[in-house]
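S.K.: Before we start, here is the structure in question, set down as structure tokens.
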Amino acid sequence: MLNIVLFGPPGAGKGTQAEKLIEKYHLVHLSTGDILRAELKAETELSIEAKKFMDKGELVPDAIVIGMIEGKIDANQKATGFIFDGFPRTTAQAEALDAMLAKKGTPISRMLALFVDDEELIKRLLLRGKESGRADDQDQTIIENRIRVYNKDTSPVIDYYDAQNKYFAINGVGSIDEIFNRLCEAIDDVK
Ligand code: B4P
């Protein structure tokens, strides 16, 4: 099985590249951001709790997100591989993911981390905010908080995968196809 963690700060291009990668490698796409937004749309009980954090650009508590991902992995028993997009975002989430995959007997193959400077991230997210109406992309203060939270709570996840020799840094600036090719080179090196 090919199990990829697609990693990077908000606006780094994770969702954009995940769409292309699932098509090429036939992976199941698990995006915690997308799952949370679907919960918000359906106005589930879980989403009422999650919204309080998302609106401020904070991370949703680990217990909520870990439970969501576990349910989705269990629901995709026949998958030949997964792409985890926006998850794990804390070291506790990374440990929980390893435990879930150990039960299935299939580890993470590689963590691909996209790097983009803050100025470019803010520009991309404000543009998406205008085009999509996504609430957490419309306010520069919230975007800056998301980047701060990434630097403080999420970037240590790099050390977690680096210790397992699975971390791979990818330049996330350039055209979507150029970045896609960089990711494919890193994946094909694994297979
Ligand atoms: P996410 O939905 O994961 O949102 P994101 O980090 O902003 O990344 P996304 O994948 O959507 O954007 P992309 O970089 O592709 O999370 C939203 C919120 O949910 C979080 O703030 C948090 O509250 C919560 N959450 C989610 N997962 C969680 C977890 N595991 N634990 C706790 N809380 C969690 O693209 C951004 C824009 O850039 C797009 O408009 C795209 O078109 C553009 N773009 C992409 N590539 C480009 C390129 N090469 N050049 C120019 N523009 C490009």
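S.K.: Can you tell me the dipole magnitude for the range 46-90 around its Cα centre, using point charges on the Cβ only (Lys, Arg +1; Asp, Glu -1), in Debye to the nearest 20?
M.R.: 100
S.K.: Something else: Let a ≥ b ≥ c be the square roots of the eigenvalues of the Cα gyration tensor of the range 120-191; is it rounded (a/c under 1.5), or, if not, prolate (a/b larger than b/c) or oblate?
M.R.: oblate
S.K.: R0 = 30 Å: FRET efficiency of residue 40 with residue 104, Cβ-based, nearest 0.05?
M.R.: Between residue 40 and residue 104 the formula returns 0.55.
S.K.: On to the next question. In Å, the Kirkwood hydrodynamic radius of the range 1-112 over pairs of distinct alpha carbons?
M.R.: Taking every pair of different Cα atoms in the range 1-112, averaging 1/r and inverting gives 14.4 Å.
S.K.: Please list the non-local residues whose amide H lies under 5 Å from the amide H of residue 8, H modeled 1.01 Å from N, same-chain partners needing a gap of 5 or more.
M.R.: 114
S.K.: Lysine pairs in the range 53-180 with alpha-carbon atoms under 24 Å apart, 8 or more places apart or on different chains: how many are there?
M.R.: For the range 53-180, the number of qualifying lysine pairs is 12.
S.K.: Sticking with this one: Do you know the relative contact order of the range 1-138, to the nearest whole percent, from alpha carbon pairs under 8 angstrom that are 6+ apart?
M.R.: 43
S.K.: What does the net charge come to around residue 30 if you take all other residues with beta carbon closer than 10 Å to its beta carbon, with K and R at +1 and D and E at -1?
M.R.: Summing Lys and Arg as +1 and Asp and Glu as -1 gives -1.
S.K.: State the antiparallel share, in %, of DSSP beta bridges confined to the chain, rounding to the nearest 5.
M.R.: Antiparallel bridges make up about 0 percent of those DSSP assigns within the chain.
S.K.: Mean separation of Cα pairs under 8 Å and 6+ residues apart, divided by the residue count of the range 60-162: what relative contact order is that in percent?
M.R.: Answer for the range 60-162 is 30 percent.
S.K.: While we're on this one: Over the Cα atoms of the chain, what radius of gyration and what Dmax do you get, in Å?
M.R.: Rg and Dmax of the chain, Cα atoms, are 15.8, 43 Å.
S.K.: Could you tally the net charge around residue 140, taking each other residue with its Cβ under 11 Å from the Cβ of residue 140, Lys/Arg +1 and Asp/Glu -1?
M.R.: Net local charge, residue 140 excluded: -1.
No lab work stands behind these numbers, since they all come straight from the coordinates. This is a predicted model, so every value here is computed, not measured. Positions of Cβ are backbone-derived with ideal geometry, glycine not excepted, and every protein chain shown enters the neighbour counts.
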